[in-house]
Amino acid sequence: MPKTGYMEVTGGKVWYEIVGRPKKTPIIMLHGGPGYPHNYLEPFRDLAVDRQVIFYDQLGCGKSDWPEKRHLWTVKALVRGLKELIDGFGFEDYHIFGHSWGPGLAASFALTKPKGLRSMVLASPYLSTKVWEKDAKRLIGTLPQKYREAIAIYQRYKTNKDEFDKANSEFYKRFVFRLKRLPGAAETSHKNMNYELYKYMWGPYEYWVTGTLKGFDLTPKLHEINVPVLLMCGRYDEASPEAVNYFKSLFPNAKMKVFDKGAHFFFWNQRAESIKTVRDFTKDVDNRIGVSL
């Protein structure tokens, strides 16, 4: 299997990259968005010391094909694409890592009871639209009054766009990046993002959902996922520690880690600690099930 290439899935070709050698069980990385490609997950290349790390761009963004057929812009189609990718690699056992929207895709996939799934790492997880919007509303309430008002006015009347843009930037500064400077890898994800897919499935802004994911809620089904689950988030994350702890309570076999200096991109704020946490978790799962490739 080439280290980089394209895999044929229903609807087009998806780009992938394999980092590292086949030592222990491989880990497949699911990026956020929807439509925000893999590049910003660069810190997790460090996991390749122990195992193969597989990055890919979900169909419709990044280096993968961008089909305009909207029946391919669905959770079902993206789950199918993930399955076809795994089948194409021929993996018998694998871990899955998902960030932001990625956990929604990962958990939807896990609910199909796929063979070979050993564990999931769900970072800053989106698993329920109503929980996400509740978090967003609360976080907006912590912003200075001028920003709160700008967001409220724009949401209701779609006016005062300049002030709303300033408030939007402040929200991202506090609860998404929390970095002095955006890493180059994240800039590449911005550049190669499919905004049309994002708006179709989610909406134009983080705070309120107007797209096809409006009714998305996996919380009633999370108890059906029996593999070990590690949930992670930043202390200042838009996926709040309170929400993530709630998700943890719904899984039969889950643990949780909060990174005190980070927000949604906590793995850039606390890179070494993030890698160690994932490495220790996946090693422990591998040792308990006695699987290595």
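All of the numbers you see were taken from the coordinates with simple rules; none came from a lab. Being a predicted model, the structure only gives us computed values, none of them experimental. Neighbour counts run over all protein chains shown; Cβ positions are idealised from the backbone, glycine included.
The Cα center of the range 226-293 and the Cα center of the range 202-219 differ in position by 23 Å. For the residues LYS24, LYS255, LYS69, a GNM of the chain with alpha-carbon springs under 10 Å puts the largest fluctuation on LYS69.
Among THR277, THR25, a tally of other beta-carbon atoms within 10 Å of each Cβ gives an order, fewest to most, of THR277, THR25.
Once the mean 1/r over all distinct Cα pairs of the range 26-129 is inverted, what Kirkwood radius in angstroms do you read off? Mind dumping the intermediate values first?
Details: mean 1/r = 0.0726 Å⁻¹.
Value: 13.8 Å, from the Cα pair sum.
Near TYR200, within a Cβ-to-Cβ distance under 13 Å, what is the net charge of the other residues, with Lys and Arg +1 and Asp and Glu -1?
Values: positive: LYS69, ARG70, LYS199, LYS214; negative: GLU68, GLU196.
Taking every other residue near TYR200 into account, the sum is +2.
Taking GluC sites (Glu not before Pro) as exposed when their DSSP state is a loop state and no more than 16 other Cβ atoms lie within 10 Å, the longest site-free interval of the chain runs over 93-293. For the chain, a simple Cβ point-charge model (Lys and Arg +1, Asp and Glu -1, everything else neutral) yields a dipole of about 340 debye relative to the Cα centre.
Other residues with beta-carbon under 14 Å from the beta-carbon of PRO228 carry, at +1 per Lys or Arg and -1 per Asp or Glu, a net charge of +2.
Quick one: of the DSSP bridges fully inside the range 1-100, what percent are antiparallel, nearest 5? Don't jump to the answer; show the numbers that get you there.
Numbers: 10 of 18 bridges.
Here the antiparallel bridges make up roughly 55 percent for the range 1-100.
Placing unit charges on the Cβ atoms of the charged side chains and taking the dipole of the chain about its Cα centre, the candidate lying farthest along the positive direction among GLY184, PRO252, MET201 is PRO252. Farthest toward the positive end of the dipole of the chain, out of TRP73, LEU230, LEU111, is the Cα of LEU230, where the dipole comes from beta carbon charges about the Cα centre. Loop-located trypsin sites (Lys or Arg not before Pro) in the range 95-176 (DSSP state not H, G, I, E or B) with no more than 16 neighbouring Cβ atoms inside 10 Å: LYS115, LYS158.
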